[in-house]
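Everything below concerns the one structure shown next.
Laboratory data are not the source of any read-out in this text; all were calculated from the coordinates shown. In this text the structure is predicted, and so the values were computed from the model without any measurement. All Cβ positions, glycine included, derive from the backbone under ideal geometry; neighbour counts span all protein chains shown.
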Amino acid sequence: MVDKVFTTVSIAALCFVTHAEELHSVGLENMAKRLQGDVRLIAMGDSYSSPYFARVPLAGLRVWPIEKISAMSSGAPTSSDTFICTPYCNPSSLILSSDSLGYAIERDSSKSFFTLPIFGLQEFYTSTAFDDEGNDTLFTISLDGDGLEHLSSGVHGPFAQAGDDVKFRFLYRSASNSKQQLNSVKAYDGNELVSIMHLRDNARPYWHLGENPDYDVREPAPEQINAYAVDFPARNNTQNSMNMKFEQTGSLAGTNQYLVPAGSVYYHQDENGERETGLYFSYVSDSSWSYYGFGCDAEGNDTHDKRFAKSQFTHWLDVTTLDREQPVVFMWYLAPEFADYSSSITLMTNMIAQAEGSAKQIGITTVEHLIVVAPLFQLDNSSDISKEFITYQQQAAFDIASTTPNVAAASLFSATDEVLFDGPNGIPWLLYHGFDHFEFGTNSINLVEETNGDLFDPWVIHPSSPNAAAFFSTILGEIIRKAGCKADVVADGYINTTDLLAVIGHIGQEYIEEDINEDGIVDIQDLLLVIDGWGACWPIQAPYNTPTFRSN
């Protein structure tokens with residue numbers, strides 16, 4: 001893939017990159033319908049994609065008009081806005097880049113490293129120092145309260161409600177030595193015992209190894225992410241915390257075994273016991289990550305070595321896949337770095353190739369990629385230097401998308417006119433585009449008054465709040481809508497008779513909105529595009545649906 005991109009890149013640069021500011025995207029024509037259908041969206045990135053509503057990918061779940069969020073998967077962090085893992089015994093170790101020992105795992109031995117950035121593993125080691133704190137509970141996995149509130153007030157409402165049929169899949173990293181893998185754990189849905197899990201011999205089989213997870217069980221793969229073979233009901237308290245509790249089956253102190261929770265998958269199932277279709281949201285990210293970690297196919301060998309092997313990613317992707325027929329969109333959203341154009345091409349191409357290779361091994365039938373270029377942020381003390389390197393990465397993303405059929409790219413940097421929203425200088429742009437009337441779900445926000453134009457944290461790196469991230473996600477959503485719903489000329493979220501009549505009424509006119517294919521004139525080709533795109537599309541949302549904005 002790398003060779004292909006390099007051989008065509010000079011031509012692509014002439015044809016596409018010079019129009020980057022006009023287009024804001026390349027190859028996004030099908031993304032609106034893809035994201036509103038049955039799809040797994042995996043946010044791939046550094047701290048820009050970590051599971052907080054003050055980050056752009058997760059904020060998309062608040063503001064994008066997705067009809068059904070059917071599933072979510074998570075690591076096992078102690079803090080996030082999705083599912084968190086809370087320890088009730090000690091000692092426990094958090095395997096994260098931000099931890100002092102970083103990716104060191106099996107810390108009571110010679111220490112190996114597990115660097116796959118799934119934002120949180122937790123390690124329990126049952127030496128004589130192990131303390132169950134006077135009860136049997138080891139840890140719980142639950143939907144975070146703040147996250148539940150943010151999601152519930154968004155466009156689609158809560159992830160689950162009372163009476164929903166929700167299933168839970170438990171993920172764990174198996175110890176290097178099978179004898180040191182903790183054997184059994186009790187699993188509770190709320191306070192209802194649903195299983196005694198036997199982790200040493202009842203792991204979920206792997207598709208990429210030619211096994212059948214529908215009928216068989218296997219021993220867990222050492223040093224890799226495994227899933228327990230049986231998915232459990234998670235119906236208790238769905239209107240509240242969706243709490244799963246895990247208890248010891250006997251005294252563990254002095255048994256010298258490891259238990260490493262690696263996260264979970266929650267998914268809705270229908271009346272036939274099959275997963276419900278809709279958006280399945282996942283992430284592969286961690287704080288303090290980088291392009292350097294993706295696409296290198298090498299295991300980390302130090303506490304903060306930001307590399308991971310294709311095999312590690314393949315095992316994780318395998319056990320978190322609910323249906324190999326469900327299309328997968330890898331959404332690449334990383335902070336821009338000091339990478340020039342050539343380096344950006346290589347880095348992006350390699351990370352895409354590694355993810356595709358894993359998906360192919362598993363047998364996933366449809367794979368697409370969306371590279372999202374970040375808005376202007378403080379890459380350097382000089383805004384000009386920041387713009388220079390972000391422009392390199394925008395050019396690289398647009399060029400790869402223009403030459404690779406299953407890759408699309410969108411630029412927040414271009415769509416926000418290269419504005420740095422770090423104070424009052426950002427106010428004119430927000431006012432001109434109507435963000436003093438920013439509405440989604442049950443939220444009505446004057447973003448200008450709320451932020452005074454400052455949408456970044458004190459380091460000018462991350463969005464300063466969930467609403468600031470929702471703003472950037474809304475911009476991305478509008479890029480997706482414009483690219484995928486060009487025939488929705490009367491922008492109401494539907495391509496229908498209204499749009500057909502609008503085009504017919506302007507036949508022969510030049511350079512107007514009804515010229516859908518932008519060839520300079522409204523003609524029969526534009527009518528055919530309306531017919532071809534007929535049906536529901538991506539609804540236009542505030543402030544883009546207001547008369548003030550539409551007149552600008």
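Annotations for the structure displayed:
- Taking packing as the residue-averaged number of other Cβ atoms within 10 angstrom, the listed peptides 110-121, 509-520 run from highest to lowest as 110-121, 509-520.
- Net charge contributed by nearby residues that have their C-beta within less than 14 Å of Asn272 (K/R +1, D/E -1): -4
- Between Tyr494 and Asn256, the FRET efficiency estimated from the beta carbon spacing at R0 = 45 angstrom works out to 0.10.
- Cβ-based net charge around Met242, under 11 Å, with every Lys or Arg adding one and every Asp or Glu removing one: -2
- Each peptide in 205-218, 479-492 gets a packing score, the mean of other Cβ atoms within 10 Å over its residues, and the list from highest to lowest is 479-492, 205-218.
- Cα centroid of the stretch 300-377 to Cα centroid of the stretch 521-543, whole Å: 32
- Oblate is the label for the stretch 46-166, because the ratio a/c of its alpha-carbon gyration tensor axes (a ≥ b ≥ c) is 1.5 or higher and a/b is not greater than b/c.
- Separation between Cα centres of the stretch 415-481 and the stretch 257-274, rounded to whole Å: 35
- Inter-probe distance in nm under a simple model that places probes 7 Å from Cα toward Cβ, at Lys68 and Asp216: 3.1
- Angle in degrees between helix 310-320 and the longest Cα principal axis of the chain, rounded to the nearest 10: 90
- Against the chain, whose longest principal axis comes from its Cα atoms, helix 383-403 is set at around 90 degrees.
- Taking label positions 7 Å along the Cα-Cβ direction at both Asp297 and Ile196, the computed distance is 4.4 nm, reported to one decimal.
- The Cα-based radius of gyration of the stretch 494-536, divided by its Kirkwood radius, gives an Rg/Rh of 0.94.
- Report summary: the helix-based calculation at 222 nm, which adds -39500 (n - 2.57) for every DSSP H run with n ≥ 4 and divides by the residues of the chain, gives -8000 deg cm²/dmol.
- Separation of the stretch 37-101 from the stretch 211-230 is 23 Å, based on Cα centroids.
- Cα gyration tensor shape for the stretch 219-308, rounded if a/c is under 1.5, else prolate or oblate: oblate
- Bridge type composition, the chain - antiparallel percent by DSSP, nearest 5: 65
- Over the stretch 348-490, relative contact order from alpha-carbon pairs under 8 Å, at least 6 apart, %: 20
- Sequence-distant contacts, meaning Cα pairs under 8 Å at least 6 residues apart, place the relative contact order of the chain at 20 percent.
- Short-range pairs are left out: with C-alpha atoms under 8 Å and at least six residues apart, the relative contact order of the stretch 494-536 is 44 percent.
- Kirkwood analysis of the Cα pair distances in the chain returns a hydrodynamic radius of 24.4 Å.
- The simple spin-label model puts a point 7 Å past each Cα toward its Cβ; for Asp519 and Asp146 those points are separated by 5.3 nm.
- Sequence ranges 168-179, 269-280, 150-161, ranked by mean other-Cβ count within 10 angstrom, highest first: 168-179, 150-161, 269-280
- Of the cross-linked pairs Lys33/Lys68; Lys33/Lys310; Lys306/Lys360; Lys186/Lys245; Lys68/Lys360; Lys33/Lys482, those separated by over 19 Å at the C-alpha level are Lys33/Lys310; Lys306/Lys360; Lys68/Lys360.
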